Amino acid sequence: MLSAVGIRVPKYPECWSSCGNCANGDIIVQSVLIAVGDRVARDDTLIVLETGKVALDIPCPYEGVITEVRVGEYQPVNEGDVIALIECS
């Protein structure tokens, strides 16, 4: 049996904190595009984040099956938060 790996919110661009043109306030989950049991490929969009000014697609860094989803729509998130677990294939 393979062990599950955490998929994290990636590091935000450095400019987000300095200029504020892309992000303003909380970063929230706009939509969750995965469910437990879904087979996903590398670079499939898992969730969409809303920054207050732009929407940001979060791609999957691995190929495998989603075993747990840890975020919901309209939930605030921070960089480094685990959004899902995946059993890599």
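The values are calculated or read from the model by the stated rules, or taken from the named source; none is laboratory data. Every value quoted in this text rests on a predicted model; they were computed, and no experiment measured them. Note: ideal-geometry Cβ built from the backbone for every residue, glycine included; neighbour counts use all protein chains shown.
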Odd one out for T45, checked against (1) closer than 14 Å to G6 by Cα; (2) among the β-branched types (V, I, T); (3) surrounded by fewer than 16 Cβ atoms within 10 Å (Cβ to Cβ) = (1)
task = Answer yes or no as to whether V36 is part of a loop (DSSP other than H, G, I, E, B), modelled with pLDDT of 95 or more, aliphatic (A, V, I, L, M) and under 10 Å from the mean Cα position of the chain (by Cα).
result = no
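With the requirement that a residue be over 14 Å from the mean Cα position of the chain (by Cα) and not aliphatic (A, V, I, L, M), what does the range 39-50 give you?
R39, the sole residue that qualifies.
If the requirement is being farther than 15 Å from V9 by Cα and loosely packed, with under 14 Cβ neighbours inside 10 Å, which of these qualifies: G72, G64, G37?
Unique residue meeting the criteria: G37.
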